[in-house]
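For reference, the structure discussed in these notes is given below.
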Protein chains: 2
Amino acid sequence: MQVPTASMARPGTEQDRGATATRLLAAASELMIERGETEVSLADIARRSGLNSALVKYHFGNKDGLLLALLQRDASSALKVLDALLRFDASPTARLKLHVAGIVNAYYRSPYLNRLINLMLHHRGPDIARSVSDFFVKPVVEFETRLLEEGAARGEFRRVDPLIFYFTLFGACDHLFYGRQALLHGFGVTEVGDTLRRRLIAHVTDMVLGATLARED
Amino acid sequence: MQVPTASMARPGTEQDRGATATRLLAAASELMIERGETEVSLADIARRSGLNSALVKYHFGNKDGLLLALLQRDASSALKVLDALLRFDASPTARLKLHVAGIVNAYYRSPYLNRLINLMLHHRGPDIARSVSDFFVKPVVEFETRLLEEGAARGEFRRVDPLIFYFTLFGACDHLFYGRQALLHGFGVTEVGDTLRRRLIAHVTDMVLGATLARED
């Protein structure tokens, strides 16, 4: 991490430093949503936040550090839901439904989330890929694997491959948030609003149950 | 389109020109698969093909033209399947199953296909977005809308929103092909082979039927 220089705003109290980091993350998030892009420059983030771009280096080390902090901010509420679901006293089927809604809601709040994860998994080198994997991919895969095993043990679920389950579920939830062009050209729709969010949850829930619930025959 | 210059290989016969264009597309496709990236430079495509990069300008006008030609090459077999399915004398359910397999098989052959479509829809300007939409998005949406209507009219399907159907189906099929890192870190798997392809088709088929077939109650 670069040592702060005299050209930077004085960091001030611990609380000020937290507020500055929060503003930088909010600026990065806003730009990604507006542009439908995860590739935003430090200069643009600084301009939007009204802060000096040197503060990015001070708070996050570099752009990768800022992207990782943004991912942690956005994904942590989704991961908290998983954590609660692990301890939640309800059937595997009920928890599976809550899991689907949790994923769609996370993408609804942060439509760039899956692109940010993929950017960091595939284009920022092996160390960043490992961080994202440890922070996000592994906990989700472990949660889903346990849920699928528990559901099968109770006779609610058929045997399902956790790998296929993971990729099809995240893909089905994410693709609507990818970008405006297919929505616009294919359907004349300009944004994903609350009605579409609720219809997406209902549809993906039906899809996932259709491939997971124990067969009747 | 740029006028060919003396530094270029002589274009030769019509057949030679076709062979040259084919080699350039094959080189671009190979590089995208190897790198897991759609961003490949003209210089790299030229180097891989053993041809002069000026030939890209001669055959395709520019890089966008080459990318559009690659998309047409890769998506056209998938679109031919759709065309055949429209005339195929089988139940909507049987045609829906063939449609799912067709999409997965297209991604299996060209794992970069959805990224290439998204690159051209979102990052190459409105004219390219419109071309891709007219060539690919609209025919698929029209096919699926007709199939869903026919299935509902025959009592095989429930009423399904074509927009939600389109995005969840393509997302569920595509995500496994996105990149190697989540596969590797989450599951210790290094590539999508034929077994995984078949399991993906079976799982997505169950998902789609679960959200499409008429409810029993």
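So A:G193 clears everything in (1) within 9 Å of chain B (Cβ to nearest Cβ); (2) modelled with pLDDT of 90 or more except one condition, right? Which one?
For A:G193, the exception is condition (1).
Do you know which residues across segment A:76-96 are open to solvent by 20 Å² or more (accessible area, probe 1.4 Å) and charged (D, E, K, R)?
Within segment A:76-96, A:K80, A:D83, A:R87, A:D89 meet the criteria.
Pairs only if they're at least six apart or on different chains, beta carbon under 8 angstrom, first in segment B:82-102 and under 26 Å from A:T168 (Cα atoms), second of a type in the set (D, E) and in a helix (DSSP H, G or I); list them, first residue then second.
From residues that are under 26 Å from A:T168 (Cα atoms), the pairs are B:P92/B:E150; B:H99/B:E144.
What is the residue count in segment B:28-53 for residues that are among the hydrophobic types (A, V, I, L, M, F, W, C) and either assigned to a loop (DSSP other than H, G, I, E, B) or under 17 Å from the mean Cα position of the chain (by Cα) (or both)?
Of segment B:28-53, the ones among the hydrophobic types (A, V, I, L, M, F, W, C) are B:28, B:31-33, B:40, B:42-43, B:45-46, B:51.
Narrowing further to those that are either assigned to a loop (DSSP other than H, G, I, E, B) or under 17 Å from the mean Cα position of the chain (by Cα) (or both): B:28, B:31-33, B:40, B:51.
The total comes to 6.
How about segment B:121-156: which of its residues are of a type in the set (D, E) and assigned to a helix (DSSP H, G or I)?
Kept after step one, since they are of a type in the set (D, E), are these residues of segment B:121-156: B:127, B:134, B:142, B:144, B:149-150, B:156.
Of everything in segment B:121-156, those that are of a type in the set (D, E) and assigned to a helix (DSSP H, G or I) turn out to be B:D127, B:D134, B:E142, B:E144, B:E149, B:E150.
For the condition within 14 Å of chain B (Cβ to nearest Cβ) and either under 30 Å from B:T190 (Cβ atoms) or open to solvent by less than 20 Å² (accessible area, probe 1.4 Å) (or both), what is the one hit in A:H99, A:H123? Break it down stepwise before answering.
On the way: A:H99 fails: within 14 Å of chain B (Cβ to nearest Cβ).
Sole residue among the options that is within 14 Å of chain B (Cβ to nearest Cβ) and either under 30 Å from B:T190 (Cβ atoms) or open to solvent by less than 20 Å² (accessible area, probe 1.4 Å) (or both): A:H123.
Among the residues in segment B:77-96, are any polar (S, T, N, Q), in a loop (DSSP other than H, G, I, E, B), touching an Asp or Glu at 6+ places or on another chain (Cβ under 7 Å) and within 20 Å of B:L200 (Cα to Cα)?
Residues of segment B:77-96 polar (S, T, N, Q): B:77, B:91, B:93.
From the residues that got through so far, the ones that are in a loop (DSSP other than H, G, I, E, B) too are B:91.
Filter again for touching an Asp or Glu at 6+ places or on another chain (Cβ under 7 Å), leaving B:91.
The next check asks that each one be within 20 Å of B:L200 (Cα to Cα); those that pass are none.
For segment B:77-96, residues polar (S, T, N, Q), in a loop (DSSP other than H, G, I, E, B), touching an Asp or Glu at 6+ places or on another chain (Cβ under 7 Å) and within 20 Å of B:L200 (Cα to Cα): absent.
Listed here are the residues, each with its yes/no results for (1) more than 30 Å from A:E39 (Cβ to Cβ); (2) modelled with pLDDT of 85 or more; (3) of a type in the set (D, E, K, R).
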position	(1), (2), (3)
B:L24	no, yes, no
B:I33	no, yes, no
B:I45	no, yes, no
B:R48	no, yes, yes
B:A84	yes, yes, no
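Quick check: anything in segment A:167-185 of a type in the set (S, T, N, Q), modelled with pLDDT under 90 and part of a helix (DSSP H, G or I)?
Quick first cut of segment A:167-185, residues of a type in the set (S, T, N, Q) only: A:168, A:181.
If we keep only those that are modelled with pLDDT under 90 as well, we get A:181.
Of the ones still in play, those that are also part of a helix (DSSP H, G or I) are A:181.
Yes, segment A:167-185 contains a residue that is of a type in the set (S, T, N, Q), modelled with pLDDT under 90 and part of a helix (DSSP H, G or I).
How many residues, within segment B:126-136, are free of Cβ contacts under 8 Å to residues at least 60 places away in the same chain, more than 9 Å from chain A (Cβ to nearest Cβ) and small (G, A, S)?
Residues flagged as free of Cβ contacts under 8 Å to residues at least 60 places away in the same chain, more than 9 Å from chain A (Cβ to nearest Cβ) and small (G, A, S) within segment B:126-136 amount to 0.
Those residues that are of a type in the set (D, E, K, R), within 24 Å of A:E149 (Cβ to Cβ) and modelled with pLDDT of 90 or more, I need them from segment A:196-217; list them, please.
Step one: of segment A:196-217, the residues of a type in the set (D, E, K, R) are A:197-199, A:206, A:215-217.
From the residues that got through so far, the ones that are within 24 Å of A:E149 (Cβ to Cβ) too are A:206, A:215-217.
The one that is of a type in the set (D, E, K, R), within 24 Å of A:E149 (Cβ to Cβ) and modelled with pLDDT of 90 or more: A:D206.
Take the residues of segment A:107-120 that are hydroxyl-bearing (S, T, Y) and outside any helix (DSSP H, G or I): which is surrounded by the most Cβ atoms within 10 Å (Cβ to Cβ)? Lay out the reasoning, then the answer.
Taking segment A:107-120 as the starting set, the residues that turn out to be hydroxyl-bearing (S, T, Y) are A:107-108, A:110, A:112.
Still in the list and also outside any helix (DSSP H, G or I): A:110, A:112.
Details: A:S110: 22, A:Y112: 24.
Result: A:Y112.
I'd like to verify a number: residues in segment B:137-156 that are within 8 Å of chain A (Cβ to nearest Cβ) and among the charged types (D, E, K, R), how many?
Count: 1.
Hey, can you tell me all the residues within segment B:167-190 that are without any contact (Cβ under 8 Å) to a residue 24 or more places away in the chain and within 7 Å of another protein chain (Cβ to nearest Cβ)? Explain how you work it out, then say what you get.
Of all residues in segment B:167-190, those without any contact (Cβ under 8 Å) to a residue 24 or more places away in the chain come to B:167, B:171, B:175, B:181-190.
Across segment B:167-190, the qualifying residues are B:F167, B:G171, B:H175, B:Q181, B:A182, B:H185, B:G186, B:F187, B:V189.
Do you know which residues across segment B:139-183 are aliphatic (A, V, I, L, M) and surrounded by fewer than 17 Cβ atoms within 10 Å (Cβ to Cβ)?
From segment B:139-183, those aliphatic (A, V, I, L, M) are B:140-141, B:147-148, B:152-153, B:160, B:163-164, B:169, B:172, B:176, B:182-183; that's our starting set.
Answer for segment B:139-183, where residues must be aliphatic (A, V, I, L, M) and surrounded by fewer than 17 Cβ atoms within 10 Å (Cβ to Cβ): B:A152, B:A153.
Residue by residue through segment B:157-166, note down the ones that are in a helix (DSSP H, G or I) and more than 7 Å from chain A (Cβ to nearest Cβ).
B:P162, B:F165
The values are calculated or read from the model by the stated rules, or taken from the named source; none is laboratory data. Note that the structure is predicted; figures quoted are calculated from it, not measured. Cβ coordinates were reconstructed from backbone atoms using ideal geometry, including for glycine residues, and neighbour counts include every protein chain displayed. Quick note on the areas: whole protein, heavy atoms, side chains included, nothing else; ligands and nucleic acids left out. Shrake-Rupley method; radii C 1.70, N 1.55, O 1.52, S 1.80 Å.
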